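Derivation of every value follows stated rules applied to the coordinates shown; laboratory data play no part. Owing to the predicted nature of the structure, the values given are computational and were not obtained by experimental measurement. When we count neighbours, we look across all protein chains shown, and the Cβ atoms used for this are built from the backbone with ideal geometry, even at glycine.
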Amino acid sequence: MPAITTPLTPTPYPDANALLEYALTHLRALLGDQFVGMYLFGSLALNAFTDGSDVDYVVVTESALPDTTIAQLAALHERIAALPMRYATEIEAAYIPRAAFRRYDYGDRHHPHIDRGVGERLTVRQFDEDWIVQRYVLYQHGITVAGPDVRTLLDPVTADALNSAVRIILDSWWCPMLDDPIKLLHLGYQAYAVLSMCRMAYTLEHGAVLSKPAAAQWMIGRLPEYADVIRRALDWQIKTDDLVQTQAMIRLVCAQSQIIRSNHESRL
């Protein structure tokens, strides 16, 4: 009698589960003893998954992967993207050695990664401070697809470390857009900016991370004058003339960050 296999069901979404099962089966075969575990973060972990969401996962490996294995991973992702499966081109995946996964290490932050989107390829890239935020989500909300409990592989991320990471992201990426808003002229990116400001403002105030929809509702309650632009961002219906309010939100959150930084430095 053939063995009965139980379908993989880490999420409530059958299409996402089918894609994850395909990926997991082939990753285990490819990585062999290097495979430690596979974990979900992002909207799936934060209970905010929608038709427009991506499938975020990280695979932890025993050690850094050789170039030949990274090339095989890239080929696997090309095959996955060609599958007639929902979300096949909506995967964002990272492959991180066990030691580097445990805590954010400025000396070891180049790892294989692929972004969502048609034509995207897996490459080795630098993981910046946003990975501290993702590690927080993984520790607090991560879903184990296979392997040991994700908390056994991670050190907790403190509220101070989380806030520091958000301030660095604001300083290096978002605040410069007040003087150079070229990226914000793309309306989809502008919607992403509005929702990111909601999340960052919440993190700076509470030392925790919410999903984009939850953070948006929190921000509407806190700053109702931005309710309309936030709701349009949630629906990905940002308008060209929303740029003024979008930059105003960025300015507010950058100022919030500076106040927190000044208060911290005054206590040292």
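Comparing H141, H110, H186 in a Gaussian network model of the chain where C-alpha atoms under 10 Å apart are linked, the largest mean-square fluctuation is found at H186. Short-range pairs are left out: with C-alpha atoms under 8 Å and at least six residues apart, the relative contact order of the chain is 16 percent. Classification of the range 14-152 by its C-alpha gyration tensor yields a rounded form. The axis ratio a/c (a ≥ b ≥ c) stays under 1.5. Distant-in-sequence amide contacts of I91, defined by a placed amide H-H separation under 5 Å and a gap of 5 or more residues or a different chain, comprise V55, G117. Remark on the chain: C198 stand apart, with no other cysteine beta carbon under 4.7 Å.
Remark: the range 159-267 carries a charge dipole of roughly 200 debye about the Cα centre, counting +1 on each Lys and Arg Cβ and -1 on each Asp and Glu Cβ.
Backbone N atoms of the range 36-62 closer than 16 Å to the 7 Å Cα→Cβ label point of L83 belong to residues 38-40, 54-59.
Roughly how many debye, to the nearest 20, is the charge dipole of the chain about its Cα centre, given +1 on each Lys and Arg Cβ, -1 on each Asp and Glu Cβ, and no other charges? Walk me through the intermediate numbers first.
Values: 23 positive and 31 negative charges, 63 e Å.
Charge dipole, the chain, about its Cα centre: 300 debye, nearest 20.
Within the listed set R98, R125, R167, the residue fluctuating most in the Gaussian network model of the chain (springs between alpha-carbon atoms under 10 angstrom) is R125. Let me make sure I get this right: for the range 33-83, a, b and c are the square roots of the gyration tensor eigenvalues over alpha carbons, sorted descending. Under 1.5 in a/c it's rounded, otherwise prolate if a/b > b/c, else oblate. Which is it? Because a/c hits 1.5 or more and a/b fails to exceed b/c, the range 33-83 counts as oblate. E225 to D155: FRET efficiency via 1/(1 + (r/R0)^6), r the Cβ-Cβ distance, R0 45 Å, to the nearest 0.05? After rounding, the FRET efficiency stands at 0.70.
Taken as Cα centroids, the range 26-53 and the range 109-179 sit 14 Å apart, rounded to the nearest whole angstrom. Extent of the range 159-267 along its three principal axes (Cα atoms, max minus min coordinate, largest first): 42, 28, 20 Å.
Label separation (A29 vs Y189): 3.9 nm, computed from points 7 Å beyond Cα along the C-beta direction.
Largest mean-square fluctuation among I143, I182, I80, in a Gaussian network model of the chain whose springs join Cα atoms under 10 Å apart, belongs to I182.
In the range 128-185, the alpha-carbon atoms span a convex hull of 104 Å³ per residue.
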